Every structure is written in C-alpha cells, then in structure tokens.
Amino acid sequence: MGTREIIRSGTSLSINRMTEHDLLEVVEIEEVSGISVWGWDAYHKELQSQDVIMLVARPVESIENQGQSIAGFIVSRMVAAELHINNVAVRPEFRRRGIAAQLLAAVLEEARRHDARVAFLEVRAANVAAHLLYRSCGFKVTGRRRRYYNHPVEDALLMSLLLEPWP
C-alpha cells in the first residue's frame, strides 16, 4: 500500500504503512488512549512480520508543515483468510473526526486485497464509543471473553465482520 490520501469530515488525511520511524508517536498515542499497552518493542517486532497490516494516519497539513505528526494508527494481522484487528487509537485532539473509521476502512480494504474473508476484534465491554464505531462499520458482537482485560479487569466483546471479496 502506497500513500493514500483521504478527504472526509473536514480532515484531510494521508494513510500510510507504519514504519519504525513512527513507533515513538504510536507508543505516545497508545499511552494517552487507554488501550492495552504494547510498547515500542512489541510494535517493532510486529513490523518485522510479513502478515501484518499496520497503518498510520497523518493530517495533510502536518505533512505540509514537515511536522509528520500522527493522528492515529491501526495494527492488524492476517491469519489465513482472517484479519485480526489488534489496536486502533487516535490522539485525543483528533477524535470525533472520523479518523478511526477511515483507518478501519483502509485496513479492511487492504485485507480484502489479501483475500481475507472475515475480520475479528476484541473491544472493552465498557468502551461505548468503540462499539458504535465498529457497528457503524458493519461489525457485530459474536461473543464475550470474561475478564479478558487488565487495568482495570474487564470483559471483552468479540466482534466480527464478513468481508466481500475484492473485485
């Protein structure tokens, strides 16, 4: 996947593959987002794998100003014909602009190109904003994992989406 520029909801974005140079900002976003902590080493290890789709979104204005600031990211892995979405996070100041939905759409599009038939994810049971995002993208709750998350201990809802074949 090369550079992909998306203009929607008043935010012009460039969505690209994540690189090692992005990891400090990715970890920074992770820390302020309340998602399960992976840390630099885990993301770096994931980047070495051939079966991952890891994307970052940058506002075009930050690129033009040489800031290269990342607004959000998504980390996923292909397993056979399945896409497993591991992490999605957006900087607080960029939330509610459709960036997570655009990252999700981009990773689903890339997964379809790799012949994925279904996408899966887990989400904290209390994360209502994430539930709404995933449902708006077509995901449905398919199960529950009791006490899946730590800090705080919380159930995870399993969600899935059947993917149409890439034309």
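The values are calculated or read from the model by the stated rules, or taken from the named source; none is laboratory data. Note that the coordinates shown come from a computational prediction; the quantities given were computed from them, not determined experimentally. Cβ placement follows ideal geometry from the backbone for every residue including glycine, while neighbour counts extend to all protein chains displayed.
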Just wondering, is there one or more residues in segment 76-93 that are modelled with pLDDT of 95 or more, among the hydroxyl-bearing types (Ser, Thr, Tyr) and in contact with a Gly (Cβ under 9 Å, 6 or more places away or on another chain)? no
Looking at (1) under 17 Å from residue 76 (Cβ atoms); (2) part of a helix (DSSP H, G or I), can you tell me which one residue 89 breaks? (2)
For a quick check of your reading of the model, give me the residue pairs whose first member lies in segment 142-167 and is within 22 Å of residue 118 (Cβ to Cβ) and assigned to a loop (DSSP other than H, G, I, E, B), whose second is among the small types (Gly, Ala, Ser) and at pLDDT 90 or above, with beta-carbon atoms closer than 8 Å and at least 6 apart or on different chains. 163/111; 163/116; 163/119
Those residues of segment 110-137 which are surrounded by 15 or more Cβ atoms within 10 Å (Cβ to Cβ) and not in a strand (DSSP E or B), in sequence order: 110, 111, 112, 116, 125, 127, 130, 131, 133, 134, 137
In segment 47-55, is there at least one residue being touching a Phe, Trp or Tyr at 6+ places or on another chain (Cβ under 7 Å), at pLDDT below 90 and not in a helix (DSSP H, G or I)? no
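In segment 140-147, is there at least one residue being in contact with a strand residue (DSSP E or B) (Cβ under 6 Å, 6 or more places away or on another chain), over 22 Å from residue 14 (Cβ atoms) and surrounded by 15 or more Cβ atoms within 10 Å (Cβ to Cβ)?
Step one: filter segment 140-147 for residues in contact with a strand residue (DSSP E or B) (Cβ under 6 Å, 6 or more places away or on another chain), giving 141-146.
Now drop any that are not over 22 Å from residue 14 (Cβ atoms), which leaves 141-146.
Restricting the remaining residues to those that are surrounded by 15 or more Cβ atoms within 10 Å (Cβ to Cβ) gives none.
No, because not a single residue in segment 140-147 is in contact with a strand residue (DSSP E or B) (Cβ under 6 Å, 6 or more places away or on another chain), over 22 Å from residue 14 (Cβ atoms) and surrounded by 15 or more Cβ atoms within 10 Å (Cβ to Cβ).
Residue 74 - would you say it is assigned to a loop (DSSP other than H, G, I, E, B) and under 22 Å from residue 37 (Cβ atoms)? Before you say what the answer is, go through the steps one by one.
Details: assigned to a loop (DSSP other than H, G, I, E, B): no; under 22 Å from residue 37 (Cβ atoms): yes.
When the stated conditions are applied, residue 74 does not pass them.
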Flagged pairs (Cβ under 6 angstrom, 6 or more apart or on separate chains; first in segment 22-45, in a loop (DSSP other than H, G, I, E, B); second surrounded by 12 or more Cβ atoms within 10 Å (Cβ to Cβ)) are 35/87; 35/89
